[in-house]
Every structure is written in C-alpha cells, then in structure tokens.
Amino acid sequence: MSAIALLGPQFREPNLAPVLAELGLEGPLVSITAGWQEREGEIAELAAHLGREVTDLALYSRTENIFADDRQLFRAYRARQDRLHGMQTLYRVQLEHASNAVLDVWNHDGDASIRRAARRSALGVMRRLDREHLLAIERVHQDFARRVVLAERKSVAAHRNELARLVSGTGAVLIAGGHVAILANRLRLLGFTGLLQRKPVLAWSAGAMAISERIVLFHDQPPQGPGVPELFDQGLGLVPGVLPLPHAQTRLHLHDSEHVSILARRFAPQRCMTLDHGSVVSFIDGRPAGYANSWRLTRDGTLAEGIAS
C-alpha cells in the first residue's frame, strides 16, 4: 500500500501523529526539513509530538557539501536558477496584465452570453501563459539534467546511494515546509522523485506543494501590494490532479466568490485544495482516500467538501 497525506501547518495545532496512526504507518520515521535551511534538523518538537524517534535526512546540508565538492555543478546550478528567475520575472509581468484584463471583463456589464465568451477568452490568456511558462521551466530542467548528468557525479551518487538505503528501511517519510524552492530543488537534485515512489509520505505546507504536480505561489495581500497567483515550478508529481493551497485562510480571500471561481477555473483540471491547521487530504495507491478540514475551490465560486470534482 502506498499512502500519501497532505497536511496543513504543524506549528500550532499539529495533527501529524493522529494521521500516522489512522493510516497505520509503523516502523522508523525519517524527516526532510531542507526548507528550514539553517534550522534543518531541529526536530525535537516533531519527535516529541509523534512520541517516536525521527531521523532527519539532512538534504540541505548534503547539498551544501555537494556544491562545495563540485564547483562545476554549483556553477551550472546557479546558472539554471538565474535563468529561471529571469523567466519568472517576465512571466509575472505578463501575468499581471492578463489578470487585470480578467478582472475587468469579469465585472463588465452587458449581454450575459457576450460576457461569458469574453470571460473564457480572457481566462484562456492566463491559462496559456501558465502552460507556456511550465513548458519553458521543463525545458530548462531537462537541459540542466543533460549537461550535468547527476547520476554520474561522484559526490551526488554517494549521497543518493546513502539516502536510498535510509529511505528503503523507513516506515514513512515526513516532509516539512519552509522555503518551497529550496526544498523542491534539493528533492530533485538528490533523486527523490524515484525514491518516494511506493513509499508512505506525509507532507505539510511547502512540503505538500513540493510533492504535487505544480507549485503555485499565492498571496492575495503580500507586503508589496495585491498579488496574482503564479506558477512557480514543477513538483515531484506524487499527487496528480491536486493543487495544494497551504495557509489558504490567511493568504486567500476565500469569502470572495469571484476570486475563488477564477482560481478554480484557471488551474482546472487541477483540484485546488485548502490546507490549514487541522487539514488532511489522503491518498491510497494514488486514489483519494479521505479528507478533513479541507475545502475544494469550485468553478461557481463556492468551497466544496471532498476531493472529487
């Protein structure tokens, strides 16, 4: 049985222990806290909550050691990140204009049939931008993989082999949140797309984002002004068809039916699921198995129970 659970934040009201018990997951536990960066491995509170020993896999420090040993790889990695950053900046510029057009059309008066067609057209521009941006990101990752051939690099291979041994003997892998870009990049670099196949995984906040198909950054009221949700990167793809939205209650205007409708339509057929304190969305062998305190954004602007659309 392959079990995956997406959870909300764990820092105030952790529900990781009861979810582990409900899924019947026993045996050794390993954690991935690379998103915490310099705080990686500070898991005393996590272990106390679980009442079980947890071993951190130290992906952040492993990657720092790899880059220190292999400067050529580090330079190639930095060049890739710089390119992705430049692409993200120009994508964001286009996205802001497209979003303004969607909002203008959505609020326009007039004939209903004309307005519906205009809405589909305007939203189609955003969806096309997302699709093209995702394909461009994929090409950058593929080019990086061809040039550096990670499996043939001595320092990378050594860590991958050790991690494969540690993961194979564990009852479940716990993936914490933090900085989603750092977390996702290190999961990819160290081969976790393959290592986590058929392995029980419980991931929360940015961890849930990193193992999904797409990573979408969102915040309706960031410090710099109104924000537009933006497609940021590929995830590991362990939970197809679901777009996790951690901290949705504080980051999204969920009471705004127009906003909810636009989000649901824009990212369809992905199912946008909220992940707040106490949330859990679980899958068994790739199929939805249960949920609690999580809501699905719908095309009509409401919040629905359940995972299925």
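The values are calculated or read from the model by the stated rules, or taken from the named source; none is laboratory data. This is a predicted model, so every value here is computed, not measured. Cβ: placed from backbone, ideal geometry, glycine included. Neighbour counts: every protein chain shown. Each accessible area value is taken on the protein alone, full model and side chains, heavy atoms only, with ligands, DNA and RNA left out. Shrake-Rupley method; radii C 1.70, N 1.55, O 1.52, S 1.80 Å.
The residue that is modelled with the lowest pLDDT, counting only those in the range 208-235 that are open to solvent by 20 Å² or more (accessible area, probe 1.4 Å) and among the aliphatic types (A, V, I, L, M), is Val228.
Residues in the range 32-57 that are part of a loop (DSSP other than H, G, I, E, B), open to solvent by 30 Å² or more (accessible area, probe 1.4 Å) and closer than 14 Å to Leu174 by Cα: 5 in all.
Taking Arg83, is it in contact with a His (Cβ under 6 Å, 6 or more places away or on another chain), in contact (Cβ under 8 Å) with a residue 12 or more places away in the chain and either within 30 Å of Arg186 (Cα to Cα) or exposed (fewer than 14 other Cβ atoms within 10 Å of the Cβ) (or both)? So Arg83 does not fit the description; no. Restricted to the range 192-207, and to residues there that are of a type outside the set (A, V, I, L, M) and either under 22 Å from Phe11 (Cα atoms) or under 10 Å from the mean Cα position of the chain (by Cα) (or both), the residue that is surrounded by the most Cβ atoms within 10 Å (Cβ to Cβ) is Gly207. Residues that are in a helix (DSSP H, G or I), open to solvent by 10 Å² or more (accessible area, probe 1.4 Å) and touching a strand residue (DSSP E or B) at 6+ places or on another chain (Cβ under 9 Å) within the range 135-177 comprise Glu138, His141, Leu166, listed in sequence order.
Of all the numbered requirements in (1) surrounded by 18 or more Cβ atoms within 10 Å (Cβ to Cβ); (2) under 17 Å from the mean Cα position of the chain (by Cα); (3) over 24 Å from Ala151 (Cα atoms), Val260 misses one, and that requirement is (2).
Which ones in the range 279-298 are assigned to a loop (DSSP other than H, G, I, E, B), modelled with pLDDT of 95 or more and of a type outside the set (Ser, Thr, Tyr)? If the condition is that a residue be assigned to a loop (DSSP other than H, G, I, E, B), modelled with pLDDT of 95 or more and of a type outside the set (Ser, Thr, Tyr), then Trp295 is the only one that fits. Taking the criterion of being of a type in the set (Gly, Ala, Ser) and farther than 24 Å from Ser2 by Cβ, the residues of the range 22-53 that qualify are Gly41, Ala44, Ala47, Ala48, Gly51.
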